[in-house]
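Enquirer: After the structure tokens below, expect a handful of questions from me.
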Amino acid sequence: MPWQTDAARAAQISARGSPGPRGVTVNAIRPTATEGAGLHTDVRPDSPIRDFLKDFNPMGRMGTAADVADVAEFFAGDLSSFVSGQVLLVTGGAAA
């Protein structure tokens, strides 16, 4: 997934010149295989690849759009007001 890595790096580089004093932060979310329309198009529901993705993940499941949305909500909210230039892996521990 090279384009996700490139986008994450671009976010980090952009954050260096970010107008942080004006409350603007730059962060990126890098999810793992996530249940959704794209996965259903690429991987059939009965495919062994789907089972592999679930078994490979320490959480025993694939991520969901809601998992990624929760992180986006965190970055958009006040709880992350001092967080900038970060790439948060939403992988259920698979990238640890």
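Enquirer: How much length is gained if the chain between ARG22 and ARG61 is pulled fully straight, taking 0.36 nm per residue apart and subtracting their Cα-Cα distance, in nm to one decimal?
Expert: Separation in residues times 0.36 nm, less the Cα-Cα distance, equals 10.1 nm.
Enquirer: Would you please give the residues with an amide H less than 5 Å from that of VAL87, counting only those at least 5 places away or on a separate chain, with H modeled from the backbone geometry?
Expert: Counting only residues 5 or more places away or on other chains, the set is ALA28.
Enquirer: Taking Rh as the Kirkwood radius, which is the inverse of the mean 1/r over Cα pairs, what is the Rg/Rh value for the stretch 45-96?
Expert: A ratio of 1.10.
Enquirer: So, one more: Rounded to the nearest 0.05, what FRET efficiency is calculated for SER47 and LEU79 with R0 set to 35 Å and r the Cβ-Cβ distance? Each step should come with its number before you reach the end.
Expert: Values: r = 38 Å, r/R0 = 1.08.
Efficiency computed from Cβ-Cβ geometry: 0.40.
Enquirer: Quick one: ranking GLU73, GLU35 by accessible area, 1.4 Å probe, largest first, what do you get?
Expert: Working: GLU73 130, GLU35 55 Å².
Reading off the accessible areas and sorting them downward yields GLU73, GLU35.
Enquirer: Using only protein heavy atoms and a 1.4 Å probe, report how much of THR91 is accessible, in Å² to the nearest 10.
Expert: 20
The values are calculated or read from the model by the stated rules, or taken from the named source; none is laboratory data. Everything numeric in this text was worked out from a predicted model, so none of it was measured. So basically every Cβ, Gly included, is an ideal-geometry build from the backbone, and we count neighbours across all protein chains shown. For accessibility, only protein heavy atoms count, side chains too; no ligands or nucleic acids. Shrake-Rupley method; radii C 1.70, N 1.55, O 1.52, S 1.80 Å.
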